[in-house]
Amino acid sequence: MSITANKPEPLLYEQSNPGSIGYALPESDVPHTPLPAHLMRADLNLPEVAEVDVVRHFTRLSQKNYCVDLGIYPLGSCTMKYNPKMNEDAIQLTGMSQVHPMQPPETAQGVMQLMYELQEYLGEISGLPAVTLQPAAGAQGELVGILVIRAYHLKRGDTGRSEVLIPDSAHGTNPATSAMAGYRVVEVKSDARGNMDLDDLRSKVSDKTAAIMFTNPNTLGLFEEHVREVNKIVHDAGGLVYGDGANLNAIIGIARPGDLGFDVIHSNLHKTFSVPHGGGGPGSGPVMARPDLAEFLPTPIVSKKGDVYAFETPTNTIGRIKSFWGNFLALVRAYTYIRSYGKEHLREIAEISVLNANYLLALVRDVYDPQVPERTCKHEFVLNGTRFKKEYGVNTLDVAKRIIDYGFYPPTIYFPLIVPECLMIEPTETQSKASLDEFAAALLKIAEEARTDPQLLHNAPHNTPVTRLDDVKAAREPVLNYKPPQIPDQRKAA
Amino acid sequence: MSSGKEISYPTDLKYAATHEWVRVEGDTATVGISDYAQDALGDIVFVELPVVGMELRAKSGFGVVESVKAASDVFMPVGGSISATNDELANAPETVNADAFGAGWMIKISPFNADDLAKLMDAATYKSKIESGEIH
Amino acid sequence: MSHRFIPITDADRAQMLKTIGVSSVDTLFDDVPKEAQYPDLNLPPALSEMDLLRTLRDMAAKNANAGEHAYFLGAGAYNHFVPATVPHLIFRSEFYTAYTPYQPEISQGTLQTIFEYQSMICDLTGMDAANASHYDAATAAAEAAVMAINSARTGRKIIVSPTLHPHYRETMRTYLQGQDIPIVGDEDTSLSLDQVLDKHLDNQTAGVLAANPDFLGNVRDFKPLADRIHAVGALSIISVYPISLGLYQPPGDYDADIVIGEGQSLGNALGFGGPYLGIFACKEKYLRRVAGRLVGETVDKQGRRGFVLTLQAREQHIRREKATSNICTNEALNALAACVYLATLGKQGLRDVAELCYQKAHYAASEIAKLGGYRVKTQEFFNEFVVECPRPVAEINRALYKQGIIGGYDLSHDYPHLKNGMLIAVTELNTRSQIDALVSALGALD
């Protein structure tokens, strides 16, 4: 942030200065062909500004953003780790960035080699060797995974399976995905230790169960202690096990989902594999599956015969899940990241992400209330803010907003839904000890303020470009695009 | 999300466990959501209502009520034919917060299935089940 | 010693373990089944930055690319010029290393740029509202089909034009396979959309998806078709090529209900197919059924203008299995690229780019038409057209490649009736000498 960060920045439309241009194009070097007048548009209302105006506008706007390169971004379940700079150099090689998706494969062997090798790496890391790189995001990976499971049951003639079991702590995408694939969602309860309630699971699993879908570690940041038993219960009933790989960062190199009994998982390359989050995307969500599920994967996958790479359509493919071959430039970054860590360092990602989370938890646990205090967390942990609300009248939103005043991005709040007033904190392995000490000190100071000066929290944040915004107004009277100031309509007047 | 105001439970109405109320006048049942429900949802920003003429059974969803942070389906407390909808709510959804039992009504059902009324609660039962946490 | 991306020393580690009260890092993983712990992974060893860069450069060198070759290939992805403003601005750390603007007070940069992006898409398409983007045009098409089914008060049938991009049609089918939704219209890809509507359009139709320009390059006045579609109560869904909208009438002018499009051409790299940008816009009355993120304007406590994610109650994190879609992310950085691109070009610049494409493509078509053995089959087009060739397209493309030219898309798989059909795209980046070289190379293959 800078001295200009808090200055209002008008919309570019409001800065439009008719006649200004920000571009230079060559003159046409070919004979003129008349345009088809009957198909032409009358007008196009885009801003008219000079190049320097464009640069200043977006630079000023950028200064109103917090980002990973400025400091800790502890959003739980988002894995906001440092994005190595080299990834961005890799994607700007013209032999990567300027390759056309439809050009003949024999002219694109290098990019296809990269995809092939990444398929192999992700298969090895997950223990599930049938890999598609196509999904554009984690949610799309989920849809692929569930459709693959559906295709598996249907091919076996097992047509009565209409339900997907989902723990109550799950990401919202899990039930939404299941519904999109045509399944009924059956919720499984969590127990007091943050595991799935096995009795509840047993009572809900049946010959209608197509799959169970769960995250491990779960959204409480806890490793499912009965993972093998859960998977066995579902397998015994004929269902498959889908792993939401959003939290793979906690176990990468430590344990492979395939070895734990998962049949299909996705991995968010923008979480575990350092693809930058880009202000909310693009993401990338490859899916890894058991070898016998390879025939159902989306088309295409990259195969290798001799030294030649080719696109192949799996025999019983669920179809294509997006245009072209996946978010390729995200794949380049993930590939670069894996090669940078290599076999020998990969597990340090999980080790240090878990070390950092437990260290941060240890620093704040006497003042805040861990949801499951008796357990070691994995890469993230959840604090319950109920006591703060009851004793100080301070809710979790107030705490989060006050964190901003200390120069940090707040954690995920009010998720998972099963914990009231919760804060969900994921520091990642790319925070130094000093930065964790500093963040913890801020949390402790805020707890003190909650007791002594709750108003300070209610009014937070104090020094930001805007203060708390009116969400109700935004939703009741949606204004979703710029509308020019009203000019009296001459025709109506006449 | 509670506003801290006293929640009211008018005694002339019938209530469903999913927080809809019903007022019966002749062969018409008027339906809305309870004061408790509007208070729990917080500032209501949008109400989606069905088309007049639709036939729906008891317990089937007839619309959606949205606040900033939540969306709730609303269900038919009694089956029947939708005879009117409160179109004022399109422009002023906050009416549901301000006057849940009056101007914030949502639909009228006429004719309706009178047998379904027996499955609904009176105000005292509804209130006690909320206070005991049996429904929420 | 830790890897260079991990800022924790051995001494830090020891102190931290002490604070936690455990003896080793391994202890933190005690709840992971022992027999599954620490697999021996078959992965290559770590590479230093310089060795890794060398490896990547070697891979990159194996690919023909638009930096070195003349491209006449489009088919949904186009080689347009990207002004220097775009990469310099989108690769500012504050944009590309931020996440979803959950906390608006320190995310106004992302939020305002998305609002401006939404505004520009509305102006470009003539629609009332645009979302913050979908993954690409193919998934936007699938989401549009779902929205049509939920909005239309008719039936659940979806009609697709045979000249909608084949990938979009396939993706839509993949998305909808678990739901009971009939998708018809492209059984015979040689039929025109008018013929398809004659055959399928009825009061069970929820929506009709078509492209303008279509996959084969044709541009048309869509109003008569839109009127037919609306007459049965269905929604008209149009896929656009946004650069063409610098010149051509926007879908709002011909009463489209939903507009989707591939936004790659707006300042985004070819990138071997992604990440791209799924444009999604619609009429006001369908707003509450839109899937994906929306940014809206509001005010803060002091009455200052600010921007927030809004209408979130439709989305998966709140509505879960009842959400409009499972989509969670958007292609924010690609949308930002489009926003900077459109800002840099402005109203005149986009028109100029479009006109250059139009002029060069028409020059190329007229020169190819003069060759013996080649026939230009598209009548009214923007910058892409079908040429019937004297030999299989794959064969021609191999010959062109030897001369540094990437030829057009081979239509024989998707459109069997166009057996030797090549779909040629020309953009402002194609010089007259490149076009002349293409024409003479084609002529030599006659």
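The values are calculated or read from the model by the stated rules, or taken from the named source; none is laboratory data. Remember, it's a predicted structure, so these values are computed and weren't measured experimentally. Glycine gets a Cβ as well: all are built from the backbone with ideal geometry, and neighbour counts include every protein chain shown.
Has segment A:390-409 got at least one residue that is among the basic types (Lys, Arg), over 23 Å from the mean Cα position of the chain (by Cα), farther than 26 Å from residue C:109 by Cα and within 14 Å of chain B (Cβ to nearest Cβ)?
Taking every residue of segment A:390-409 in turn, at least one turns out to be among the basic types (Lys, Arg), over 23 Å from the mean Cα position of the chain (by Cα), farther than 26 Å from residue C:109 by Cα and within 14 Å of chain B (Cβ to nearest Cβ).
With segment A:148-250 as the region, which helices (runs of 4 or more DSSP H) entirely inside it contain at least 3 residues that are surrounded by fewer than 24 Cβ atoms within 10 Å (Cβ to Cβ)? First the steps, then the outcome.
On the way: elements: A:173-180, A:198-204, A:227-236.
Once the helices (runs of 4 or more DSSP H) in segment A:148-250 are filtered for at least 3 residues that are surrounded by fewer than 24 Cβ atoms within 10 Å (Cβ to Cβ), what remains is A:198-204, A:227-236.
Residues of segment C:143-165 being within 9 Å of another protein chain (Cβ to nearest Cβ) and either more than 18 Å from residue C:235 (Cα to Cα) or at pLDDT 95 or above (or both), which ones? Steps first, please.
Pass one, segment C:143-165, residues within 9 Å of another protein chain (Cβ to nearest Cβ): C:146, C:153, C:165.
Result: C:165, single match.
Quick check on residue A:329: is it outside the structural domain of residue A:464 (by TED's automatic domain parsing) and within 22 Å of residue A:249 (Cα to Cα)? Talk me through it step by step, then tell me what you get.
Numbers: outside the structural domain of residue A:464 (by TED's automatic domain parsing): yes; within 22 Å of residue A:249 (Cα to Cα): yes.
Criteria met by residue A:329.
Quick check on segment C:92-102. Is at least one of its residues β-branched (Val, Ile, Thr) and either in contact with a Phe, Trp or Tyr (Cβ under 8 Å, 6 or more places away or on another chain) or crowded, with 21+ Cβ neighbours inside 10 Å (or both)? Spell out the reasoning first.
Restricting attention to segment C:92-102, the residues satisfying the condition of being β-branched (Val, Ile, Thr) are C:97, C:100.
Still in the list and also either in contact with a Phe, Trp or Tyr (Cβ under 8 Å, 6 or more places away or on another chain) or crowded, with 21+ Cβ neighbours inside 10 Å (or both): C:97, C:100.
Yes, segment C:92-102 has at least one match.
Which residue pairs have Cβ atoms under 9 Å apart, sit 6 or more places apart or on different chains, and have a first residue in segment A:36-47 that is more than 7 Å from chain C (Cβ to nearest Cβ) and a second that is in a loop (DSSP other than H, G, I, E, B) and modelled with pLDDT of 95 or more?
If the second residue must be in a loop (DSSP other than H, G, I, E, B) and modelled with pLDDT of 95 or more, the pairs left are A:42/C:249.
Using the structure shown, decide if residue C:355 is over 30 Å from residue A:276 (Cβ atoms) and within 12 Å of chain A (Cβ to nearest Cβ).
Details: over 30 Å from residue A:276 (Cβ atoms): yes; within 12 Å of chain A (Cβ to nearest Cβ): yes.
So residue C:355 fits the description; yes.
Against the definition (among the acidic types (Asp, Glu), within 7 Å of another protein chain (Cβ to nearest Cβ) and over 26 Å from the mean Cα position of the chain (by Cα)), how does residue C:331 come out, yes or no? Can you show your working first?
Values: among the acidic types (Asp, Glu): yes; within 7 Å of another protein chain (Cβ to nearest Cβ): yes; over 26 Å from the mean Cα position of the chain (by Cα): no.
Spelling it out, it is not the case that residue C:331 is among the acidic types (Asp, Glu), within 7 Å of another protein chain (Cβ to nearest Cβ) and over 26 Å from the mean Cα position of the chain (by Cα).
Which one is nearest to the other protein chains (Cβ to nearest Cβ), of the residues in segment C:3-23 that are under 30 Å from residue A:228 (Cα atoms) and surrounded by 12 or more Cβ atoms within 10 Å (Cβ to Cβ)?
Of all residues in segment C:3-23, those under 30 Å from residue A:228 (Cα atoms) come to C:17, C:20-23.
Narrowing further to those that are surrounded by 12 or more Cβ atoms within 10 Å (Cβ to Cβ): C:17, C:20, C:22.
Numbers: C:17: 7, C:20: 5, C:22: 8 Å.
Once the filter is applied, the top-ranked residue is C:20.
Does residue C:56 satisfy the criteria of being without any contact (Cβ under 8 Å) to a residue 12 or more places away in the chain, surrounded by 24 or more Cβ atoms within 10 Å (Cβ to Cβ) and in a helix (DSSP H, G or I)?
Values: without any contact (Cβ under 8 Å) to a residue 12 or more places away in the chain: yes; surrounded by 24 or more Cβ atoms within 10 Å (Cβ to Cβ): yes; in a helix (DSSP H, G or I): yes.
For residue C:56, the condition - without any contact (Cβ under 8 Å) to a residue 12 or more places away in the chain, surrounded by 24 or more Cβ atoms within 10 Å (Cβ to Cβ) and in a helix (DSSP H, G or I) - is met.
If you go through segment C:329-351 one residue at a time, do you hit one that is surrounded by fewer than 20 Cβ atoms within 10 Å (Cβ to Cβ) and without any contact (Cβ under 8 Å) to a residue 24 or more places away in the chain? Steps first, answer last, please.
So in segment C:329-351, the residues surrounded by fewer than 20 Cβ atoms within 10 Å (Cβ to Cβ) come out as C:347-348, C:351.
Those still in the list that are without any contact (Cβ under 8 Å) to a residue 24 or more places away in the chain too: C:347-348.
The answer is yes; a qualifying residue exists.
Scan the helices (runs of 4 or more DSSP H) fully inside segment A:66-141 and keep the ones with 3 or more residues being buried (at least 24 other Cβ atoms within 10 Å of the Cβ).
Qualifying helices (runs of 4 or more DSSP H): A:109-126.
Name the residue, out of A:184, A:150, A:161, A:202, that is farther than 17 Å from residue A:244 by Cα and facing another protein chain (nearest Cβ under 10 Å). Before you say what the answer is, go through the steps one by one.
Details: A:150 fails: farther than 17 Å from residue A:244 by Cα; A:161 fails: facing another protein chain (nearest Cβ under 10 Å); A:202 fails: facing another protein chain (nearest Cβ under 10 Å).
Of A:184, A:150, A:161, A:202, the one residue that is farther than 17 Å from residue A:244 by Cα and facing another protein chain (nearest Cβ under 10 Å) is A:184.
Is it the case that segment A:415-428 has a residue that's among the aromatic types (Phe, Trp, Tyr) and under 21 Å from residue A:223 (Cα atoms)? Outline the logic, then answer.
First, the residues of segment A:415-428 that are among the aromatic types (Phe, Trp, Tyr): A:415.
With under 21 Å from residue A:223 (Cα atoms) added as a condition, the list becomes A:415.
Yes.
Just one of (1) facing another protein chain (nearest Cβ under 7 Å); (2) within 43 Å of the chain's Cα centre (by Cα); (3) outside any loop (DSSP other than H, G, I, E, B) trips up residue C:43, so point out which.
(3)
So in segment C:128-162, with the set limited to residues that are buried (at least 24 other Cβ atoms within 10 Å of the Cβ) and not hydrophobic (A, V, I, L, M, F, W, C), which one is nearest to the chain's Cα centre (by Cα)?
Top of the filtered list is C:136.
Look at residue C:92 and say whether it is within 7 Å of chain A (Cβ to nearest Cβ) and free of Cβ contacts under 8 Å to residues at least 24 places away in the same chain. It would help to see each step written out before you state the result.
On the way: within 7 Å of chain A (Cβ to nearest Cβ): yes; free of Cβ contacts under 8 Å to residues at least 24 places away in the same chain: yes.
Taking the combined requirement at face value, the residue satisfies it.
Output the residues belonging to segment A:63-108 that are on the phi > 0 side of the Ramachandran plot and of a type in the set (Val, Ile, Thr).
Scanning segment A:63-108 gives a single hit, A:79.
If you scan segment C:422-446, which residues turn out to be more than 20 Å from residue A:102 (Cβ to Cβ) and β-branched (Val, Ile, Thr)? Full working, then the answer.
Of all residues in segment C:422-446, those more than 20 Å from residue A:102 (Cβ to Cβ) come to C:431-433, C:436-437, C:439-440, C:443-446.
C:431, C:439 - these are the residues of segment C:422-446 that are more than 20 Å from residue A:102 (Cβ to Cβ) and β-branched (Val, Ile, Thr).
Only one of C:287, C:371, C:356 is within 24 Å of the chain's Cα centre (by Cα) and under 30 Å from residue C:444 (Cα atoms); which?
Details: C:287 fails: under 30 Å from residue C:444 (Cα atoms); C:371 fails: within 24 Å of the chain's Cα centre (by Cα).
That would be C:356, the only listed residue that is within 24 Å of the chain's Cα centre (by Cα) and under 30 Å from residue C:444 (Cα atoms).
Can you find, within segment C:355-364, the residue that is nearest to residue C:84 (Cα to Cα) among those that are of a type outside the set (Ser, Thr, Tyr) and surrounded by fewer than 24 Cβ atoms within 10 Å (Cβ to Cβ)? Spell out how you get there, then give the answer.
Step one: filter segment C:355-364 for residues of a type outside the set (Ser, Thr, Tyr), giving C:355-357, C:359-362, C:364.
Going one step further and asking which of them are surrounded by fewer than 24 Cβ atoms within 10 Å (Cβ to Cβ), we end up with C:355, C:359, C:362.
Working: C:355: 21, C:359: 24, C:362: 28 Å.
Residue satisfying both the conditions and the ranking: C:355.
Does residue C:403 satisfy being within 8 Å of chain A (Cβ to nearest Cβ) and more than 25 Å from residue A:268 (Cα to Cα)? Walk me through it before giving the result.
On the way: within 8 Å of chain A (Cβ to nearest Cβ): no; more than 25 Å from residue A:268 (Cα to Cα): yes.
Criteria not met by residue C:403.
Any chance you could count how many residues in segment C:283-295 are buried (at least 23 other Cβ atoms within 10 Å of the Cβ) and facing chain A (nearest Cβ under 8 Å)?
Number satisfying all stated conditions: 3.
Which members of segment C:298-313 meet the condition of being within 7 Å of another protein chain (Cβ to nearest Cβ) and part of a loop (DSSP other than H, G, I, E, B)?
Listed by number, the residues that qualify are C:301, C:302, C:304, C:310, C:311.
Please determine whether any residue of segment C:28-38 is facing chain A (nearest Cβ under 7 Å) and of a type in the set (Gly, Ala, Ser).
Yes, segment C:28-38 has at least one match.
Go through (1) small (Gly, Ala, Ser); (2) in contact with a Pro (Cβ under 9 Å, 6 or more places away or on another chain); (3) part of a helix (DSSP H, G or I) for residue B:118 and report which single condition fails.
Single failed check for residue B:118: (2).
Only one of these is within 26 Å of residue A:268 (Cβ to Cβ) and modelled with pLDDT of 95 or more: A:154, A:222. Name it. Can you show your working first?
Details: A:154 fails: within 26 Å of residue A:268 (Cβ to Cβ).
Residue meeting the stated conditions: A:222.
How many residues does segment A:354-389 hold that are in contact with a Lys or Arg (Cβ under 8 Å, 6 or more places away or on another chain) and within 11 Å of another protein chain (Cβ to nearest Cβ)? Write out each step before concluding.
Applying the first criterion (in contact with a Lys or Arg (Cβ under 8 Å, 6 or more places away or on another chain)) to segment A:354-389 yields A:354-355, A:357, A:359, A:369, A:372-375.
Now restrict to residues that are within 11 Å of another protein chain (Cβ to nearest Cβ): A:354-355, A:357, A:359, A:375.
Result for segment A:354-389: 5.
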